[in-house]
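The values are calculated or read from the model by the stated rules, or taken from the named source; none is laboratory data. Treat the numbers as computed from the prediction; the structure is a model and nothing was measured. Positions of Cβ are generated from backbone atoms using ideal geometry, with glycine treated the same way; all protein chains shown enter the neighbour counts. In case anyone asks, the SASA skips ligands and DNA or RNA and just uses the protein heavy atoms, side chains included. Shrake-Rupley method; radii C 1.70, N 1.55, O 1.52, S 1.80 Å.
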Amino acid sequence: MTGTRMGRAMRAVLAMAAATATLAAVAGCGTTADTAAGGSGGSKGSGMVGVDLPLLTSPFWQAYNSYIPTMARSQSVSILPTVNSNNDTAQQITDINNLLNQGVKGLAIAPIDSSAIVAALDQAQRKGVPVVAVDVAPDKGKVAMIVRANNVSYGLQACDYLGRTVKSGKVVQIQGDLASVNGRDRSQAFDSCMKSKYPGIKVLEVPAAWQSDVAASKLDTLLNANPDIKGIYMQAGGVYLAPTLQTLRSKGLLKPVGTPGHITIVSNDGIPQEYQAIRDGQIDATVSQPADLYAKYAMYYIKAAMEGKTFQPGPTDHGSTIVRLPNGMLEDQLPAPLVTKANVNDPNLWGNQLKSSQ
């Protein structure tokens, strides 16, 4: 974790401690325990749900946010207006604490930092409020379910596509935030796959922490020193697609697929902009991260948790598998297919349904 990230995490923990102390002072001296949010009033499974987003500058999270109201209605879940934490760990914990203070009976959150989010999870547990984590798995704490695709598979699919296409030479991995388990899973899977299966390929890293300006700046510097790069793996097309294409274009390196000098590009997310880039021959492939299913099953599992339902590892009735993680948490690993020119127009892909569904 970087110094900045550590500072944010420490501020978040201090902010949570201060908020907890304030709550205790208001409650009086009778007990040190928080009153359970699911206590008096309302039937079991009822009540408002708070939804916290990590950021809204990415088209992926914009899509997820747009699906939430529809999926909440389909599951008969009442939600407060979604909250955007602007990719700030301390702000996210403050936002979650604010939702708890509003008396929500359930939370669906997409953690920014897998470690720092534990403070918020502990606060929710003290108040008896179940939590569903979306997209990012917390390192510790209690959640009813993690709704997430297999991020190791993301890295492996990108590795195999680039490995088979490039065969030898240099490729760039534009990484996400390594304070997030998603960034770690994708990076480690990609690196280990390349080392074991494609030893003729050298991987160059661009740690960009889900920030588009950082990705553009560092990629520009890397290309100046390595003009012979043959491939790029972007861990998040929602934030990296536009700056990557612009950087390549500015250097005369954005060559169409199938032409000499083309740099093979594989992405993650499955947003409509990536599909258009595939159709236009600018990039080769992306892994479709299911924004629609994230929203659907976030609402499904938080409703179930509020009703006291529990789940066990194994296959689901919706084409996924629930697994138990090493930290004991359950994760519903939703399918995330590779999209190429061969299947980019598949109407079943959420990125092709987005406009018509909203």
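Is there a residue being charged (D, E, K, R) and either part of a helix (DSSP H, G or I) or in contact with a Leu (Cβ under 8 Å, 6 or more places away or on another chain) (or both) anywhere in the stretch 218-239? Within the stretch 218-239, one or more residues are charged (D, E, K, R) and either part of a helix (DSSP H, G or I) or in contact with a Leu (Cβ under 8 Å, 6 or more places away or on another chain) (or both). Residues of the stretch 229-250 that are of a type in the set (S, T, N, Q) and open to solvent by less than 20 Å² (accessible area, probe 1.4 Å): 235, 244, 247. Checked against the criterion of being farther than 22 Å from residue 297 by Cα, open to solvent by 60 Å² or more (accessible area, probe 1.4 Å) and modelled with pLDDT of 95 or more, the candidates 101, 97 yield just one match: 101. Checking each residue in the stretch 257-280 for being open to solvent by 10 Å² or more (accessible area, probe 1.4 Å), farther than 15 Å from residue 165 by Cα and in a loop (DSSP other than H, G, I, E, B) picks out only 280.
Taking the stretch 237-265 as the range and being in contact (Cβ under 8 Å) with a residue 60 or more places away in the chain and under 19 Å from residue 213 (Cα atoms) as the test, the residues that pass are 237, 238, 239, 240, 244.
Residue by residue, here is whether (1) at pLDDT 95 or above; (2) open to solvent by 10 Å² or more (accessible area, probe 1.4 Å); (3) under 14 Å from the mean Cα position of the chain (by Cα) holds:
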{"site": "150", "(1), (2), (3)": "no, yes, yes"}
{"site": "174", "(1), (2), (3)": "yes, no, no"}
{"site": "202", "(1), (2), (3)": "yes, yes, no"}
{"site": "222", "(1), (2), (3)": "yes, yes, no"}
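Checked across the stretch 347-356, the condition of being outside any helix (DSSP H, G or I), exposed (fewer than 15 other Cβ atoms within 10 Å of the Cβ) and either touching a residue at least 60 places away in the same chain (Cβ under 8 Å) or touching a Ser or Thr at 6+ places or on another chain (Cβ under 9 Å) (or both) holds for no residue.
If you filter the stretch 321-338 down to residues that are free of Cβ contacts under 8 Å to residues at least 24 places away in the same chain and either among the acidic types (Asp, Glu) or in a loop (DSSP other than H, G, I, E, B) (or both), you find that the one that is surrounded by the most Cβ atoms within 10 Å (Cβ to Cβ) is 328. For the stretch 114-122, the criterion of being under 17 Å from the mean Cα position of the chain (by Cα), at pLDDT 95 or above and closer than 20 Å to residue 69 by Cβ is satisfied by no residue at all.
It is to be established whether one or more residues within the stretch 295-302 are at pLDDT 95 or above, surrounded by fewer than 23 Cβ atoms within 10 Å (Cβ to Cβ) and part of a helix (DSSP H, G or I). Scanning the stretch 295-302 turns up at least one residue that is at pLDDT 95 or above, surrounded by fewer than 23 Cβ atoms within 10 Å (Cβ to Cβ) and part of a helix (DSSP H, G or I). Looking across the stretch 44-64, the residues that are part of a helix (DSSP H, G or I) and open to solvent by 10 Å² or more (accessible area, probe 1.4 Å) come down to 59, 61, 62.
In this structure, residue 158 does not satisfy being farther than 30 Å from residue 201 by Cβ and in contact (Cβ under 8 Å) with a residue 60 or more places away in the chain.
Residue check: is residue 85 open to solvent by less than 20 Å² (accessible area, probe 1.4 Å) and small (Gly, Ala, Ser)?
Judged against the criteria, residue 85 is a match.
Cβ-Cβ contacts under 8 Å between residues 6 or more apart (or on different chains), taken from a first residue in the stretch 64-78 that is more than 21 Å from residue 351 (Cβ to Cβ) to a second residue that is part of a helix (DSSP H, G or I) and small (Gly, Ala, Ser), are listed as 78/72. Can you say whether residue 341 is among the basic types (Lys, Arg), open to solvent by 50 Å² or more (accessible area, probe 1.4 Å) and assigned to a loop (DSSP other than H, G, I, E, B), as far as the supplied structure shows? Taking the combined requirement at face value, the residue satisfies it.
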